[in-house]
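First the structure, in the form of structure tokens, and then the observations on it.
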Amino acid sequence: MPKFDDVLTIDEMQALARARVPKQFFDYADSGSWTETTYRANQDDFSKIKLRQRVATDIEDRSLSTSLVGSASSMPVALAPTGLAGMQYPDGEIKAAIAAEKAGVPFTLSTMAICSIEDVAEHTSKPFWFQLYVMKDRKFIERLIDRAKAAQCSALVLTMDLQILGQRHKDLRNGMSAPPRVTPRFVFEMMRKPHWALGMLNTQRRSFRNIEGHVEDARNLASLSAWIADQFDLKLNWTDLLTIKRQFGGPVIVKGILDADDARSAVAHGADGIIVSNHGGRQLDGAPSSIRVLPEIIDAVGDKVEVFMDGGVRSGQDVFKAIALGAKSAFIGRAFLWGLGAGGEAGVTRTLDIIRKELDMTMALCGERDIRNVGPHNVYSNDIPPRS
Ligand SMILES: Cc1cc2nc3c(=O)[nH]c(=O)nc-3n(C[C@H](O)[C@H](O)[C@H](O)COP(=O)(O)O)c2cc1C
């Protein structure tokens, strides 16, 4: 395993995170639902797309800059919302948000974060994005949106693919919970991961702080799945999007779209952007990879709203392929979580640096100078088999 300073790839970052993060939280990130087929497909399908190499074009003065729903971004990459990032590393969401701000890319805070909206706002100086899960307690949701507005979040990401929690076997077997239950197995893990344990002892942020203290019955809910099973609103529908958009007043991005008809419905109900996503293979196992369905969703709504994607992005080459197939930006989930677990803020910075460098070099070797000019002409996209 490389030392932190020698890490060159996201895979190496993953290996470092495995060594530093307690097993139940490392596994929580590194898992998909049921057979994990969709989790694997997200990456496998990227590797089927081949890049079109070009030579003898002027590739001096390259630019990766873009804008995402009105916010400038130094490259077409954003940090995806991930629950419990503060269990990968103490104060994890704060650390990741600071790294994203320094790198000039959007950070999205999950509803199921350990650090609260207010915690992140207090430690950052530029607006971040907030991801909303819709729960039955609509008063709580209204307050949450108001808190995001008060923190000047510049976009709301409404996740629509998790009203029921996909079954992830590793979490069930590990008894995953936040804060962790102190079992003999966990104490043994603490002895093997002393940096993590010490860091956690030095912070008060160990539970769901967007929820804790804001909902009466959440204080004693140890398990994420118990909370979700109890509170997530199975009746979520497109009219809720209209209501939420009205209340937030800023750009709303709908996350979890894999189907062209759903993409059209989202747009018809006011979405300003769409994230083509299967939740990193954590929900409907057997669903196609995000990159595979991206082109048909671009065909359906790409001229009306900004379309983003996530799922399986592990390199700058993957980002380039997503942009070539029409995405305005790629979100990274596990790639940044592994950086976070491996080295906190420095680890996320390193992850973003790796991806930026790979993206820039890939763009150059494909004969492009400006990411905004990258398109289908840069890939042999027929290497992704059509969806049957
Ligand atoms: C550990 C973990 C926690 C996640 N939590 C959330 C969440 O709270 N809200 C959400 O909308 N998506 C969540 N996701 C999904 C991510 O936003 C994103 O869709 C996914 O990670 C993309 O795939 P990738 O990890 O292969 O990049 C989570 C993903 C992971 C890995």
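The values are calculated or read from the model by the stated rules, or taken from the named source; none is laboratory data. All values reported here derive from a predicted model rather than from experimental measurement. All Cβ positions, even for glycine, are placed from backbone atoms using ideal geometry, and neighbour counts span all protein chains on display. Please note that ligands, DNA and RNA were not included when accessible areas were found on the heavy atoms of the full protein model with its side chains. Shrake-Rupley method; radii C 1.70, N 1.55, O 1.52, S 1.80 Å.
General observations
- Some residue of region 359-373 being within 13 Å of the ligand (Cβ to nearest atom) and either of a type in the set (S, T, N, Q) or crowded, with 20+ Cβ neighbours inside 10 Å (or both): no
- Pick from region 331-365, criterion of a type outside the set (Val, Ile, Thr) and touching a Phe, Trp or Tyr at 6+ places or on another chain (Cβ under 7 Å), ranking: farthest from Gly281 (Cα to Cα): Met363
- Only a single criterion out of (1) within 16 Å of Arg168 (Cβ to Cβ); (2) at pLDDT below 95 is not satisfied by Gly280, namely (2).
- When the residues of region 146-166 are filtered to those that are of a type outside the set (A, V, I, L, M) and within 15 Å of the ligand (Cβ to nearest atom), the one that is nearest to the chain's Cα centre (by Cα) is Thr159.
- Residue within region 62-70 that is in contact (Cβ under 8 Å) with a residue 24 or more places away in the chain, of a type in the set (D, E, K, R) and within 16 Å of the ligand (Cβ to nearest atom) present: no
- Complete set of residues in region 101-112 that are closer than 17 Å to Lys357 by Cβ and either in contact with a Phe, Trp or Tyr (Cβ under 8 Å, 6 or more places away or on another chain) or within 15 Å of the ligand (Cβ to nearest atom) (or both): Val105
- Summed over region 113-140, residues that are within 13 Å of the ligand (Cβ to nearest atom), among the aliphatic types (A, V, I, L, M) and under 18 Å from Met87 (Cβ atoms) total 2.
- Thr351 meets all of the listed conditions (1) more than 15 Å from the ligand (Cβ to nearest atom); (2) surrounded by 24 or more Cβ atoms within 10 Å (Cβ to Cβ) but one, namely (1).
- Test: Asp233 is modelled with pLDDT under 95 and open to solvent by 10 Å² or more (accessible area, probe 1.4 Å): yes
- Screening the candidates Ala266, Ala330 for the property of being more than 30 Å from Ala103 (Cα to Cα) and open to solvent by less than 20 Å² (accessible area, probe 1.4 Å) yields one hit, Ala266.
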